[in-house]
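A short write-up of the structure that comes next.
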Amino acid sequence: MNPYSHSGRKAVVAGLVAAILGLSAGCGGPRAVDPDIKPNRASAKPVEPGPSLSPEDQQSVDAAWANFLKLNGIYIKAAQTGKYDWAPDITARPMYAYSGGRYMSALERDLDVLAEQGYVRTGQPSVALRRVVSVSETSIVVEACVDDAGTDTVDKKTGKSVAAPKQNQRYPVTMRAGLYPDGAWRWVESQADRGASC
């Protein structure tokens, strides 16, 4: 049973799923900015160099990013198929191994809204890890660039787009992973800035 289900919820607007997560499975590990990605607006922020990482910190970033890619794969598949394992025990749900707290709740709410409204996502957003913002013993903050141009949110019955027009489709997302007591890096925060470009 889905714990977030209730009637009367407003329709999903375009990019709801992407605005919360917006990142794609199938990407490799951490990488620098793709030189072929160009800003889609003149006001794009330049990439500032991140901190110099020790080998241990780089290993933590690599582990956290690998977990993000797994989380994103689960999320995108669920958004595209409308199928997600709503196990009563939250720790048995597919995204639990890679996300936590309010962020996991937000992702699950989005999947619930999509299902409730009869919508699915199409296409695969692309992502480039722009920089590591900070690393501590228990927290990693990164900035990624999301390109949503090849995606859409559609009504399953009609196949028609329900996406809001003229939304910025290339934007930065700042994300934070936290180190949990079981030693796993779980993604706990994500903030998309659709007012900026990357």
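The values are calculated or read from the model by the stated rules, or taken from the named source; none is laboratory data. The model shown is predicted, which means the values in this text are computed figures rather than measured ones. Heads up, the Cβs are rebuilt from the backbone with ideal geometry, glycines too, and the neighbour counts pull from every protein chain shown. Side chains included, ligands, DNA and RNA excluded: accessible areas come from the protein's heavy atoms. Shrake-Rupley method; radii C 1.70, N 1.55, O 1.52, S 1.80 Å.
Structure notes:
- Apart from one condition, residue 110 fits all of (1) open to solvent by 20 Å² or more (accessible area, probe 1.4 Å); (2) out of contact with any strand residue (DSSP E or B) (no Cβ under 9 Å at 6 or more places or on another chain); the exception is (1).
- Taken together, the residues in the range 188-198 that are of a type outside the set (D, E, K, R), touching a helix residue (DSSP H, G or I) at 6+ places or on another chain (Cβ under 9 Å) and closer than 14 Å to residue 133 by Cβ amount to 1.
- Residue 122 being β-branched (Val, Ile, Thr) and over 21 Å from residue 63 (Cα atoms): yes
- When the range 162-198 is limited to residues that are among the polar types (S, T, N, Q) and at pLDDT 95 or above, the one that is nearest to residue 96 (Cα to Cα) turns out to be 190.
- Where strands (runs of 3 or more DSSP E) fall wholly inside the range 96-184, the ranges with 3 or more residues that are in contact with a Leu (Cβ under 9 Å, 6 or more places away or on another chain) and of a type in the set (A, V, I, L, M, F, W, C) are 126-135, 139-147.
- Test: residue in the range 93-115 that is under 16 Å from residue 69 (Cβ atoms) and polar (S, T, N, Q): yes
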